[in-house]
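Written below as structure tokens is the structure these notes are about.
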Amino acid sequence: MTETEMIARWVVPGARVLDLGCGDGTLLKHLWQTRQAPGYGVEIDDAQVIECISNDVNVLQMDLEDGLSAFRDDSFDYVILSETIQTIHRQEPLMREMLRVGREAIVSFPNFGFWRARLQITLEGHMPVSEELPYQWYDTPNVHHCTLIDFEDLCAKLGIRVLERLVLRDGKPVTWLRNLLGSLAIYRVSM
Amino acid sequence: MIVVPQKALFDQPLALKGGATLPAFEIAYETYGELNAARSNAVLVCHALNASHHVAGTYADDPNNIGWWDNMVGPGKPLDTNRFFVVGNNYIGSCFGSTGPTSTNPATGKPWGADFPLVTVEDWVAAQARLADYLGIERFAAAIGGSLGAMQALQWTLSFPERVRHAIVIAATPRLTAQNIAFNEVARQAIMTDPDFHGGHYYEQGVVPRRGLRIARMIGHITYLSDDAMMEKFGRVLRGKIAPGYDFDVDFEIESYLRHQGDKFADYFDANTYLRITKALDYYDPAAEFGGDIAAAMARAKANFLIISFASDWRFAPSRSREIVRALLDNRRVLSYVENDAPHGHDAFLLDDPRYFAALRAYFGNIEL
């Protein structure tokens, strides 16, 4: 099962969705087609914005680092941050903003605690490069990696409740030693 | 693409927002492409301050007269006339063919001149709706415009929510700022204090307030370009000199450019029209009757929107477009917003930045016919 399908399972039909860092709009299109969930995407990259328009997805070209002041309190059922949190400079204000404008947030990220990443650092002595983390350290949109434990610590600090957690390896759920064996984490959280 | 300008006469009076009534009026227009059998592929193009109904193509007897948005509109272009029936129109009060101050006042047999009433964006849209009736267009697939043209596209969604499916609103503002109005007032003062203005009755004196028009245009041009674009284009380069002249002749290229633009403008533009258009800009404020609440004003709109702004535009900055975006989000409209970082300033909406054009091409491609 793809991440898109996993996230879609959590979205109740007809829900209002805001997808931050929406890329070419694949997730929003999928949510519309399978859950009749109307939504908006926020994206900064010119080429991706044009792809969204081609895909007939509502897209707003804005910088997430500027906050979500365009959106009113509680105007969405879900605010999604899919594999984008590691590209953000300031996670705390964004997480607060997400749960101001949305009832719940869905956050996914590549798990930096995955055993292969750990191995590359501890044994090979270099920054991890993998399918999930395909970038060289000097040429990457990623600025703040985290592990499952790190993310849950941040949630605790901000008073955010974890409602559901899904940890995956090759698209399959990981049910034990998640922070070591999972390469991708998806959380559903609320205030 | 060879095109032919046309005129439509409307003999039913048009009550204007300012209280006056136009007894009858003409609209100059051009069309490109074919109206389909379902009459579902019509796109209205609205022009800004100094443009006209001549949006695209050339004239058989004037091949160098290319439409002002020819890069955007035509076969295979972002607004593709192989697919859409595009209508260019000249708003009333202008000086390019539609009824305006230079037209004959039926009551006197002389040009309207200073007696031509003040017209508003709402009046233009009401007149355009008559043109749509005349052309057999019940509902436009889209209305599109930049700057003052964008205000018309926006107003279409408010005046006639059922008659426009998409609004493409480029380099726009929901209302002018005090600074915007200030620039307009300086331009108007330049015209009205020109000794050749004669209170607007200069036609009968056989003169044109050229000095005023030139200065008005020079001020306008400064606001259309970004500081960076102006520096990039002109720098501090001297005009035909190797050293400053220490006199008041042209020293810098930018001075020469502004004088040239001013002269050109004074040759073809009507001062009474300029005064009225800047007033229409100043007055436009759809939120005024909703206590300034733009979201409440936009509640009537039913169209889908594409809003485009340019980061280097300081005349109508992206923050102004974002006000419209926020109002539409509050109303949960179908909406996309593009913030383009082309460096050219307000005039970027007339240029062919590839990302800007790709966004428009993609948007038009998804409009169902």
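The values are calculated or read from the model by the stated rules, or taken from the named source; none is laboratory data. Given the structure is predicted, the values throughout are model-derived calculations rather than measurements. As a convention, Cβ positions derive from the backbone with ideal geometry for all residues, glycine included, and neighbour counts pool all protein chains shown. Just the protein is used for accessible areas: all its heavy atoms, side chains included, with ligands, DNA and RNA removed. Shrake-Rupley method; radii C 1.70, N 1.55, O 1.52, S 1.80 Å.
Would you confirm, using the coordinates I've provided, whether B:ARG259 is assigned to a helix (DSSP H, G or I), without any contact (Cβ under 8 Å) to a residue 60 or more places away in the chain, touching a Lys or Arg at 6+ places or on another chain (Cβ under 9 Å) and open to solvent by 20 Å² or more (accessible area, probe 1.4 Å)? Give the derivation first.
Details: assigned to a helix (DSSP H, G or I): yes; without any contact (Cβ under 8 Å) to a residue 60 or more places away in the chain: yes; touching a Lys or Arg at 6+ places or on another chain (Cβ under 9 Å): yes; open to solvent by 20 Å² or more (accessible area, probe 1.4 Å): yes.
Criteria met by B:ARG259.
Once the range A:165-190 is narrowed to residues that are over 18 Å from A:ARG118 (Cβ atoms) and out of contact with any strand residue (DSSP E or B) (no Cβ under 7 Å at 6 or more places or on another chain), the residue that is least open to solvent (accessible area, probe 1.4 Å) is A:GLY171. Within the range A:53-69, restricting attention to residues that are in contact with a Ser or Thr (Cβ under 9 Å, 6 or more places away or on another chain) and assigned to a loop (DSSP other than H, G, I, E, B), the residue that is nearest to the other protein chains (Cβ to nearest Cβ) is A:ASN58. Filtering the range B:359-369 to residues that are free of Cβ contacts under 8 Å to residues at least 24 places away in the same chain and surrounded by 17 or more Cβ atoms within 10 Å (Cβ to Cβ) leaves only B:ALA362. Screening the candidates A:VAL162, A:VAL129 for the property of being surrounded by fewer than 17 Cβ atoms within 10 Å (Cβ to Cβ) and not in a strand (DSSP E or B) yields one hit, A:VAL129. Just checking, does the range A:91-113 include any residue being away from chain B (no Cβ under 14 Å), farther than 29 Å from A:ALA15 by Cβ and in contact with a strand residue (DSSP E or B) (Cβ under 8 Å, 6 or more places away or on another chain)? Within the range A:91-113, one or more residues are away from chain B (no Cβ under 14 Å), farther than 29 Å from A:ALA15 by Cβ and in contact with a strand residue (DSSP E or B) (Cβ under 8 Å, 6 or more places away or on another chain). Among the conditions (1) more than 11 Å from chain B (Cβ to nearest Cβ); (2) open to solvent by 10 Å² or more (accessible area, probe 1.4 Å); (3) under 26 Å from B:GLU323 (Cβ atoms), A:VAL79 misses just one, which is (2).
If the condition is being at the interface with chain A (Cβ under 9 Å from one of its Cβ atoms) and either charged (D, E, K, R) or part of a loop (DSSP other than H, G, I, E, B) (or both), then the range B:334-366 contributes B:VAL334, B:GLU339, B:ASP341, B:ARG355, B:ARG361, B:ASN366.
Only residues that are open to solvent by 30 Å² or more (accessible area, probe 1.4 Å), outside any loop (DSSP other than H, G, I, E, B) and of a type in the set (A, V, I, L, M) were counted in the range B:262-302, giving 2. Within the range A:30-51, restricting attention to residues that are touching a Pro at 6+ places or on another chain (Cβ under 7 Å) and part of a helix (DSSP H, G or I), the residue that is modelled with the lowest pLDDT is A:ARG35.
Give the residues of the range A:104-126 that are hydrophobic (A, V, I, L, M, F, W, C), open to solvent by less than 20 Å² (accessible area, probe 1.4 Å), modelled with pLDDT under 95 and closer than 30 Å to A:PHE76 by Cα, sorted by residue number. Hit for the range A:104-126 is A:PHE109, nothing else.
In the range A:46-69, what residues are out of contact with any strand residue (DSSP E or B) (no Cβ under 7 Å at 6 or more places or on another chain) and either more than 13 Å from A:GLY21 (Cβ to Cβ) or open to solvent by 70 Å² or more (accessible area, probe 1.4 Å) (or both)? Across the range A:46-69, the qualifying residues are A:ASP46, A:ALA47, A:ILE50, A:GLU51, A:SER54, A:ASN55, A:ASP56, A:GLU65, A:ASP66, A:GLY67, A:SER69.
Taking the criterion of being touching a strand residue (DSSP E or B) at 6+ places or on another chain (Cβ under 7 Å) and surrounded by fewer than 19 Cβ atoms within 10 Å (Cβ to Cβ), the only residue of the range B:313-349 that qualifies is B:VAL334.
One line per residue, one yes/no per condition, for (1) at pLDDT 95 or above; (2) open to solvent by less than 20 Å² (accessible area, probe 1.4 Å); (3) farther than 21 Å from B:TRP68 by Cα:
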site	(1), (2), (3)
B:ALA142	yes, yes, no
B:SER159	yes, no, yes
B:PRO174	yes, yes, yes
B:VAL186	yes, no, yes
B:MET192	yes, no, yes
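Could you please let me know if B:PHE305 is surrounded by 22 or more Cβ atoms within 10 Å (Cβ to Cβ), within 14 Å of another protein chain (Cβ to nearest Cβ), touching a residue at least 12 places away in the same chain (Cβ under 8 Å) and out of contact with any helix residue (DSSP H, G or I) (no Cβ under 9 Å at 6 or more places or on another chain)?
Details: surrounded by 22 or more Cβ atoms within 10 Å (Cβ to Cβ): yes; within 14 Å of another protein chain (Cβ to nearest Cβ): yes; touching a residue at least 12 places away in the same chain (Cβ under 8 Å): yes; out of contact with any helix residue (DSSP H, G or I) (no Cβ under 9 Å at 6 or more places or on another chain): no.
The answer is no for B:PHE305.
For B:GLU253, the test of being open to solvent by 20 Å² or more (accessible area, probe 1.4 Å), touching a strand residue (DSSP E or B) at 6+ places or on another chain (Cβ under 8 Å) and modelled with pLDDT of 95 or more is passed. Does B:ASN50 fit the bill of being at pLDDT below 95 and either open to solvent by less than 70 Å² (accessible area, probe 1.4 Å) or touching a Leu at 6+ places or on another chain (Cβ under 9 Å) (or both)? Against the criterion (at pLDDT below 95 and either open to solvent by less than 70 Å² (accessible area, probe 1.4 Å) or touching a Leu at 6+ places or on another chain (Cβ under 9 Å) (or both)), B:ASN50 qualifies. Within this structure, A:VAL101 fails the test of being among the aliphatic types (A, V, I, L, M), at pLDDT 95 or above and buried (at least 22 other Cβ atoms within 10 Å of the Cβ). Out of all the residues in the range A:132-142, which are surrounded by fewer than 15 Cβ atoms within 10 Å (Cβ to Cβ) and in a loop (DSSP other than H, G, I, E, B)? Residues satisfying the conditions are A:PRO134, A:TYR135, A:TRP137, A:TYR138, A:PRO141. When every residue of the range B:326-334 is checked against the conditions, at least one turns out to be of a type outside the set (S, T, N, Q) and on the phi > 0 side of the Ramachandran plot.
Is it the case that the range B:213-231 has a residue that's assigned to a loop (DSSP other than H, G, I, E, B), over 17 Å from B:ASN180 (Cα atoms) and open to solvent by 20 Å² or more (accessible area, probe 1.4 Å)?
No.
Taken over the range A:143-159, the criterion of being modelled with pLDDT of 90 or more and either crowded, with 19+ Cβ neighbours inside 10 Å or of a type in the set (A, V, I, L, M, F, W, C) (or both) is satisfied by A:CYS146, A:THR147, A:LEU148, A:ILE149, A:PHE151, A:LEU154, A:CYS155, A:ALA156, A:LEU158. Scanning the range A:15-44 for residues that are at the interface with chain B (Cβ under 10 Å from one of its Cβ atoms) and surrounded by fewer than 19 Cβ atoms within 10 Å (Cβ to Cβ), we see that the one that is nearest to A:THR87 (Cα to Cα) is A:ILE44.
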